[in-house]
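J.: Handing you this structure, nothing more for now.
The values are calculated or read from the model by the stated rules, or taken from the named source; none is laboratory data. Values in this document were obtained by computation on a predicted structure and should not be read as measured data. Positions of Cβ are backbone-derived with ideal geometry, glycine not excepted, and every protein chain shown enters the neighbour counts.
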Amino acid sequence: MSSVDGKPNGGRRLLLVEDESRIADFLLREFSALGLDVTVAEDGEVAVFLASTEVFDAVVLDLGLPRLPGAEVLRFLQTECPATSVIVLTARDEPECREAAISSGATAYVTKPFVLEELCARVEACLRGETTPEARDISTPLPPPVPPRPAGQIWVLTDRRYL
């Protein structure tokens, strides 16, 4: 494992805030494959604690969290870590939720179900500092930064396994 500025993986640290363990495990595996140092928080309180004690380059944040809602976590991040890019990953697809998240400081808004390559492209764009209005909305596709999987390989998320 290489180190830049004393941090593993080139210093690219990601906080993944997701309470559904299957989604968190899947994204942890995928983001780690991109060379990111990923820390997972399973609820809003843990996310706020981690964000207040560690430095992250980006955050992928679910809005529907136990203990402390994702909207509160987003407000905390905007106040205490304004330079950290936040990508909201949520099942809430209402325009008012999208507008509230973006106006509260979210860099991008991605709805579930999501296309993995598009989410990875959003994360990579945020890590490169590309936070243009086009990068904020998932309806404006960005080219995926990672090569596509070989043809014929399909990943299916089941109870606790990847097939």
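J.: Within region 35-55, track down each residue that is hydrophobic (A, V, I, L, M, F, W, C) and touching a helix residue (DSSP H, G or I) at 6+ places or on another chain (Cβ under 8 Å).
T.: Within region 35-55, Leu36, Val38, Val40, Ala41, Ala47, Val48, Ala51 qualify.
J.: Sticking with this one: Among the residues of region 1-45 satisfying the criterion of being of a type in the set (S, T, N, Q) and assigned to a strand (DSSP E or B), which is modelled with the highest pLDDT?
T.: Per the criteria, the residue is Thr39.
J.: Can you name the helices (runs of 4 or more DSSP H) wholly within region 53-133 that have at least 1 residues being loosely packed, with under 14 Cβ neighbours inside 10 Å?
T.: So the answer is 70-80, 95-103.
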